[in-house]
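Structure first, commentary second.
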Amino acid sequence: DCPQTPGKVVDYPEHTPQYDKIQGVTLGNPMGEDCLFLNVWSKATEKENKPVVVFFHGGRWSFGTSASPAFNGKYLADTEDIIVVTVNFRLNIFGFPGAPDSDQNLGIRDQRLAIQWIHSNIGAFNGDSSRITIIGQSAGAVALDFWAYAYKHDPIVAGIISLSGNAYSFPVNTPELASQNWYNVSAQLGCGDQGDDTMACVREAAWEDIRDAAAKVPPPPGSSQARSQAPFQATLDEELVFGDYYERAQKGDLAKIPFMLGNNENEAGLYKISAYGQGRILNQSVWDEFNLQCFTCATALGAAQRVKSGVKTWRYVHHGDWDNTRLYPTSGAYHTVDLYMLFGTSEDVSGIPEVAAQTEAKRHIQKAYAAFAADPVNGLTEQMGWPVYDPEEDTLIELSLENNPQPLLAKAAKYDAECAQFLDGYKET
């Protein structure tokens, strides 16, 4: 894994028997700076020119790994006969250092380099370089929304899928805050707290010492008790990360390639656990606002602006709450739970078999992603019956509503009625 602060499993009240396995799914892997790996799965068939999906994990730009058993691409690749790639990229201070007069957002640059490599080499795995779809979750989804703006003239890829995150979801670092956090670390390492020559000094330190110093930097206050940001993360540089996404989107100043996006119905179900581990017990009203601001309404605005720009767009809300992925009685469709459906790994991680309806729902979701990858323009509509998104019509896809494996259609207003309160904040993004 790329260097990151080791996580810990929080002893959350009333947690399920499988809770520890699910929460520990990214813990305990060896770390090192030689970490820029990618994993490729391709079914052993004679089929050529297979569609390709490339997955970027989440983790607040600070933690995570493509090596997680939750992201085992074997099942999706075998079932749909597509190529599945998962990618590591630099994290935390190593990927987002914030040092003045140095390149910023190195982790995002790693993602671009990975796609360039895949585009050049995926033919050796029977992949079709003209049909690459990038999929991101959480911070990975935010990165892919950024991608559409930063690489609007050369996106390389044919389609983008953003799960639980976009440019409006979370604040990013200003250059001033990023440099302040950098100097905090450089001072801890005896390299001084000012000037442009701290980078060379810090590079002489062991990566473990750099990581441990970064872990002592306090996160900045969020815009709400639940909506926080990491000290070392995506930073405004007006090259890869911009400060005017609302205006750019309104003008259609982005790559006009097919886009699928959505969120889970209760994203906060996971975030409550980390808050509890930090001693923060928040009212449900705070979490309801968090779900809306960071996910439901951010997704709604991003989808509506894509539609306005003439981009073929599909929007979903995922409701699945299955026994073998449940964390505690009311965890619901929490942040990351949809990934177990996409990759088909819930039994591997939890040790509990799927029920029949869950398997049916999983198969529909996997087929939908494969259909998009095979034909980003028409695949979802022609193969899966998913209508192109129109905020005024019954075109929002409800997945696993009340654990019904068949998708349903709804108007956006069912979910977006309270979104106007966040618009001014989004306009500042």
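The values are calculated or read from the model by the stated rules, or taken from the named source; none is laboratory data. For clarity, every value in this text was computed on a predicted model and none was experimentally measured. Cβ: placed from backbone, ideal geometry, glycine included. Neighbour counts: every protein chain shown.
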Candidate set from the range 241-260 (those that are buried (at least 23 other Cβ atoms within 10 Å of the Cβ) and aromatic (Phe, Trp, Tyr)); member that is nearest to the chain's Cα centre (by Cα): Phe259
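Being in a loop (DSSP other than H, G, I, E, B) and either more than 20 Å from the chain's Cα centre (by Cα) or among the charged types (D, E, K, R) (or both), is that true of even one residue in the range 169-179? Before the answer, list the steps.
The first filter runs over the range 169-179 and keeps only residues in a loop (DSSP other than H, G, I, E, B), leaving 169-172, 174.
Now restrict to residues that are either more than 20 Å from the chain's Cα centre (by Cα) or among the charged types (D, E, K, R) (or both): 174.
Yes: the range 169-179 contains one or more residues that are in a loop (DSSP other than H, G, I, E, B) and either more than 20 Å from the chain's Cα centre (by Cα) or among the charged types (D, E, K, R) (or both).
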Cβ-Cβ under 6 Å pairs, at least 6 apart or on other chains, the range 252-281 side of a type in the set (Asp, Glu), far side part of a strand (DSSP E or B): Glu265/Val317
Members of the range 191-210 found to be assigned to a helix (DSSP H, G or I) and more than 15 Å from Ser102 (Cα to Cα), listed by number: Trp207, Glu208, Asp209, Ile210
Top-ranked residue in the range 249-272 [being part of a helix (DSSP H, G or I) and either touching a helix residue (DSSP H, G or I) at 6+ places or on another chain (Cβ under 6 Å) or at pLDDT below 95 (or both); ranked as nearest to Thr395 (Cα to Cα)]: Ala249
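Can you tell me which residue is surrounded by the most Cβ atoms within 10 Å (Cβ to Cβ) among those in the range 154-186 that are over 30 Å from Asp197 (Cβ atoms) and without any contact (Cβ under 8 Å) to a residue 60 or more places away in the chain?
Step one: list which residues in the range 154-186 are over 30 Å from Asp197 (Cβ atoms), which gives 154-170.
Still in the list and also without any contact (Cβ under 8 Å) to a residue 60 or more places away in the chain: 154, 156.
Details: Asp154: 8, Ile156: 17.
Of everything passing the filter in the range 154-186, Ile156 is surrounded by the most Cβ atoms within 10 Å (Cβ to Cβ).
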Which numbered condition Ala213 fails, given (1) assigned to a helix (DSSP H, G or I); (2) within 30 Å of Ile365 (Cα to Cα); (3) in contact with a helix residue (DSSP H, G or I) (Cβ under 9 Å, 6 or more places away or on another chain): (2)
Neighbours by Cβ (under 9 Å, 6+ apart or cross-chain): first from the range 283-303, without any contact (Cβ under 8 Å) to a residue 60 or more places away in the chain; second of a type in the set (D, E, K, R) and assigned to a loop (DSSP other than H, G, I, E, B): Asp288/Glu418; Asn291/Glu265; Asn291/Glu267
Residue, nearest to Arg315 (Cα to Cα), within the range 382-413, restricted to residues that are among the small types (Gly, Ala, Ser) and crowded, with 18+ Cβ neighbours inside 10 Å: Ala412
Entirely in the range 376-429, the helices (runs of 4 or more DSSP H) that have 2 or more residues that are hydrophobic (A, V, I, L, M, F, W, C) and at pLDDT 95 or above: 379-384
Count - residues of the range 187-198 that are touching a residue at least 24 places away in the same chain (Cβ under 8 Å) and within 18 Å of Ala215 (Cα to Cα): 2
Yes/no for Val311 being modelled with pLDDT of 95 or more, more than 20 Å from the chain's Cα centre (by Cα) and either in a strand (DSSP E or B) or of a type in the set (A, V, I, L, M, F, W, C) (or both): yes
First in the range 389-412 and within 17 Å of Arg306 (Cα to Cα), second anywhere and part of a strand (DSSP E or B) and among the β-branched types (Val, Ile, Thr), Cβ under 6 Å, 6 or more apart: Tyr389/Thr313
Matching residues in the range 96-131 - criterion: being touching a Ser or Thr at 6+ places or on another chain (Cβ under 8 Å), more than 23 Å from Ala158 (Cα to Cα) and of a type in the set (Gly, Ala, Ser): Gly98, Ala99
Neighbours by Cβ (under 7 Å, 6+ apart or cross-chain): first from the range 117-145, modelled with pLDDT of 95 or more; second part of a helix (DSSP H, G or I) and not hydrophobic (A, V, I, L, M, F, W, C): Ser129/His119; Ser129/Gly123; Ile132/His119; Ala143/Gln111; Asp145/Gly302
Count - residues of the range 350-367 that are within 22 Å of Tyr12 (Cβ to Cβ) and buried (at least 22 other Cβ atoms within 10 Å of the Cβ): 1
For Val9: the one exception among (1) over 20 Å from Phe372 (Cα atoms); (2) at pLDDT 95 or above; (3) touching a Phe, Trp or Tyr at 6+ places or on another chain (Cβ under 9 Å): (2)
